[in-house]
Each structure stands twice: as C-alpha cells, then as structure tokens.
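J.: Let me give you the structure first, and then I'll get to my questions.
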Amino acid sequence: MKIYQANILFTPTPDAFQVLERGFIVVNDAGIVEGVFDQLTEEYQSLPVNDFGDKLLIPAMNDLHVHAPQYRNQGIAMDLELLPWLNTYTFPEESKYKNLGYAEKMYRRFVHDLWANGTMRTVAFATIHPAASMLLGPFPSGRHGSNGRTCRNESKLP
Ligand SMILES: [Zn+2]
C-alpha cells in the first residue's frame, strides 16, 4: 500500500474534474487506486505518506492512436499531402524496422518518452514486420497498452 499527498486533480465521474488541495491518493500493492481522499480514513492513518507538498498530481494520459515507428518523424514532414508524405517520410522510416536492433532501440526510446511525459496507456501501431512489432510491448515501464502490426497493400518499400 502506498499513500501520496499533494494537490490532486482527478475525475470522480466522466464529466467532472475535482481538485483536492493537499489530498491523498491510496494505491494498493497491485498498483490500483483504492481511493482519493481529502482526509485519510482510520484504516490508512498508520501507514507512511509520500508527501509531495504543493506539487500537482494528475491521472496518467491515454493515447488511443499513436504510430510508434513514426517517433523519429514527429514534428516534421508537414509539407506534403498524405500519399506523398507516406512514400517520402513514413514508409522509408518504417522500412528500417525490419532490422530488429533498430526496432528495439527506437521502440525503447518511444516507450520511455511516453512514460516520462505521463502517457501510460496507448493503442500503438507498429510496422508490417511481425518480429519487430512484438518488440513494442514488453518494456518494464508500467506502460499498458495494445499494440498491433500495421498492414498495408500499397507501397514500393518493404
Ligand atoms: Zn493513424
């Protein structure tokens, strides 16, 4: 059991945010939030509290559509329409993922940066390479998600 104290922003219902100044989050040993409280109930009062002072704790973010092999292309390639963009930027980068060493290195960076920026759940698309696609999932970052191999039927590149 872990208890965190800070300023907490959370969503008790799907249509509402709530802010608890100097509130508490209780997380069980499975990593599941048992509750968010303005005061600790008696059953938790003897447990140690990880006090983050005036810092803000927010829920992790979810990304339900992310193309993992496009990690290197983020923020670039806004100069073309979709099909020329795919052939010029996307497919050449994705073809590099047939090399498992490259795929492992880039997927590790991708997952690390997701985690470091608070995105813990994703639906991530990989490439057409099955073995490389399997490398996208097993990183011990606490990230949860679904990964899938991308399929396509038109391209000059492998
Ligand atoms: Zn997409």
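The values are calculated or read from the model by the stated rules, or taken from the named source; none is laboratory data. What you see is a predicted model; the values in this text were computed from it and never measured. Neighbour counts are summed over all protein chains in view; Cβ atoms, including those assigned to glycine, are modelled from backbone coordinates with ideal geometry.
J.: Would the stretch 20-36 turn up any residue that is over 22 Å from the mean Cα position of the chain (by Cα), exposed (fewer than 11 other Cβ atoms within 10 Å of the Cβ), more than 24 Å from THR122 (Cα to Cα) and outside the structural domain of PHE125 (by TED's automatic domain parsing)?
T.: So far as the stretch 20-36 goes, yes, one or more of its residues are over 22 Å from the mean Cα position of the chain (by Cα), exposed (fewer than 11 other Cβ atoms within 10 Å of the Cβ), more than 24 Å from THR122 (Cα to Cα) and outside the structural domain of PHE125 (by TED's automatic domain parsing).
J.: On to the next question. Out of all the residues in the stretch 26-33, is one or more among the small types (Gly, Ala, Ser), within 16 Å of the ligand (Cβ to nearest atom) and either on the phi > 0 side of the Ramachandran plot or not in a loop (DSSP other than H, G, I, E, B) (or both)?
T.: no
J.: Within the stretch 106-122, is there a residue that is among the hydroxyl-bearing types (Ser, Thr, Tyr) and closer than 30 Å to PHE10 by Cβ?
T.: Yes: one or more hits.
J.: I'd like to know if the stretch 53-67 contains one or more residues that are surrounded by 10 or more Cβ atoms within 10 Å (Cβ to Cβ), within 16 Å of the ligand (Cβ to nearest atom) and aliphatic (A, V, I, L, M).
T.: Yes, the stretch 53-67 contains at least one residue that is surrounded by 10 or more Cβ atoms within 10 Å (Cβ to Cβ), within 16 Å of the ligand (Cβ to nearest atom) and aliphatic (A, V, I, L, M).
One line per residue, one yes/no per condition, for (1) assigned to a strand (DSSP E or B); (2) at pLDDT 90 or above; (3) not small (Gly, Ala, Ser):
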{"site": "LEU83", "(1), (2), (3)": "no, no, yes"}
{"site": "SER95", "(1), (2), (3)": "no, yes, no"}
{"site": "MET106", "(1), (2), (3)": "no, yes, yes"}
{"site": "ARG109", "(1), (2), (3)": "no, yes, yes"}
{"site": "VAL123", "(1), (2), (3)": "yes, no, yes"}
{"site": "SER133", "(1), (2), (3)": "no, no, no"}
{"site": "ASN153", "(1), (2), (3)": "no, no, yes"}
{"site": "LEU157", "(1), (2), (3)": "no, no, yes"}
